[in-house]
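Only one structure is covered here, and it is reproduced in the block below.
We did not get these values from a lab; they are worked out from the coordinates using the rules stated. Computed from a prediction, not measured in an experiment: that's the story for all the values here. Here the Cβ positions follow ideal geometry from the backbone for every residue, glycine too, while neighbour counts run over all protein chains shown.
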Amino acid sequence: MELRATGRLLFSFGLAGVAFLLYAFAAGIWPDSEALFRLCGCGG
Amino acid sequence: MWRLTLGVLVAMRLGLELVGLASVNLTPLGPPNGDWNALVGASGEPLALSIWQRWDALWYQRIAEDWYRADDGTVHFEPLYPLLVRATSVIVRPTVLAQLVVTSTAFVVAAWLFVELSRLDVGSEAACLALLLVVAFPAGFFLFAPYTESLYLALSLGAFRLARADRPWLAGACGFVAGCTRTVGAFLVAPLAYSYLERRDKPGAALLAALGPGLGLALSTAYLRLSTGEHRSMVAVAEPWGDRLSPPWQALAASWEFIWGLGGDPPELVNFVGLLGAIVLAVLVTRRLPLAYALYVWPYLALVASRQSAAAPLESVARYLVVLFPLFVALSGLLVRKPLLAMATLAVSLMLQVVLFERWVHFGFVG
């Protein structure tokens with residue numbers, strides 16, 4: 001894949017990452033990381 | 001094209017109604033399940049309407065009537081669909097009829113956009129076949145049930161179509177409302193950004209419009225939590241549903257054991273085969289359709305395949321796949337030159353749909 005296309009891909013997923021951080025903050029997932037660990041099956 | 005979309009709507013509405021009514025007349029209903037059972041037929045809804053009052057449809061009915069509250073799980077559901085139902089129910093009563101009006105209207109728009117968008121990639125004939133494939137899909141009846149499937153499909157297709165027409169701000173706005181409809185709307189960010197970037201050498205401010213779906217999801221979630229005073233995180237709110245994350249192979253293995261442990265469970269079997277088929281079709285999407293579709297399909301599938309539910313490991317997967325339209329476009333590309341195989345696929349799919357719908361009408365959990 002050409003370099004420019006790879007850059008577009010990385011940038012697009014980077015923007016999606018920003019969107020998920022926004023959501024995680026709005027959804028209160030960050031302060032409640034214990035619930036997130038439980039969801040992943042690695043916490044009490 | 002309107003004739004096709006309206007024809008499909010009328011045929012499916014009549015067909016599902018007849019199946020549902022025949023089903024409850026032949027086999028009486030057992031005690032209802034779900035959290036809002038008291039809502040079934042509570043406003044004197046005739047049987048023709050009350051057969052649609054099942055599971056999530058009752059959550060949306062409850063939200064449309066009494067809006068959101070903290071601590072009762074309602075904030076688990078995104079607000080756009082119940083908001084539209086609430087507005088429609090000012091003139092259309094009872095609420096379940098307003099739900100069906102919103103769903104049907106959204107379906108017509110979704111079906112029109114589906115054909116309009118997919119014919120750009122596979123031609124008109126295959127685009128029409130793709131529409132029939134999604135409608136006949138075993139979980140396709142959710143496009144006509146009081147759920148968010150049709151509305152979300154219409155909005156996600158609209159976002160893709162506008163991005164294709166190089167209207168980034170409008171595509172972002174459409175994605176914004178999609179994000180207010182379903183959590184998975186956030187998966188539209190990467191494809192919208194990629195569609196914008198591949199049309200330009202130097203990105204401008206309109207690139208930020210691709211954040212629209214994520215903003216829609218984040219703002220609607222923040223609104224629900226702040227306006228109701230729901231102090232728990234959305235992960236904690238979702239805990240009663242019993243979902244957990246695990247690697248896809250573990251979810252598939254657990255599903256396989258679950259199916260054969262019960263001697264064959266039709267909904268879970270459809271979920272299992274549907275997920276495997278979706279992964280195969282996603283490879284086709286990546287190879288044959290614009291890359292923006294792959295950027296939408298793969299993260300969506302990764303989430304769906306990584307989520308294990310308490311009741312059945314791949315619970316609801318088939319319903320989640322209904323809105324993943326590029327899969328059906330890729331499948332139609334395979335089948336369009338093989339009319340017999342296409343007819344057989346549609347016939348088997350529709351038969352499975354009748355089985356699952358009959359089960360759903362009897363308060364069996366299908367998705």
Distance between the C-alpha centers of segment B:298-350 and segment B:165-182? Whole Å please.
24
For chain B, what does the alpha-carbon gyration tensor say about shape, rounded, prolate or oblate, given a ≥ b ≥ c as the root eigenvalues, a/c under 1.5 as rounded, and a/b over b/c as prolate?
rounded
Cα centroid separation, segment A:1-25 to segment B:55-126 (Å)
30
Taking amide H positions as placed 1.01 Å from N in the peptide plane, with prolines and chain starts having none, which residues 5 or more places from B:Arg307, or on another chain, fall under 5 Å of its amide H?
B:Ser246
Honestly the protein assembly as shown on the Cα gyration tensor test (a ≥ b ≥ c root eigenvalues; a/c under 1.5 rounded, otherwise a/b vs b/c for prolate or oblate) is just rounded
Taking 0.36 nm per residue of sequence separation and subtracting the Cα-Cα distance, how much length would be gained by fully extending the chain between B:Thr105 and B:Leu120, in nm to one decimal?
3.0 nm
Calc'd 3J(HN,Hα), segment A:6-12, phi into Karplus 6.51 cos²θ - 1.76 cosθ + 1.60 (θ = phi - 60°), Hz, glycine/Pro = x, comes to 4, x, 4, 4, 4, 5, 5
Based on Cβ point charges of +1 for Lys and Arg and -1 for Asp and Glu, what charge dipole magnitude is obtained for chain B about its Cα centre, in debye rounded to the nearest 20?
1020
Here segment B:44-54 yields Karplus 3J(HN,Hα) values (6.51, -1.76, 1.60; θ = phi - 60°; whole Hz; Gly and Pro given as x) of x, 4, x, 4, 4, 9, 5, 5, 8, 8, 9
Sort B:341-354, B:105-118 by packing, meaning the average of other beta carbons within 10 Å per residue, with the highest value first.
B:105-118, B:341-354
Could you pull out every whole DSSP H run in chain B that spans at least 27 Å of Cα extent along its own axis and averages 1.0 or higher on the Kyte-Doolittle scale?
B:2-26, B:95-122, B:266-288, B:339-361
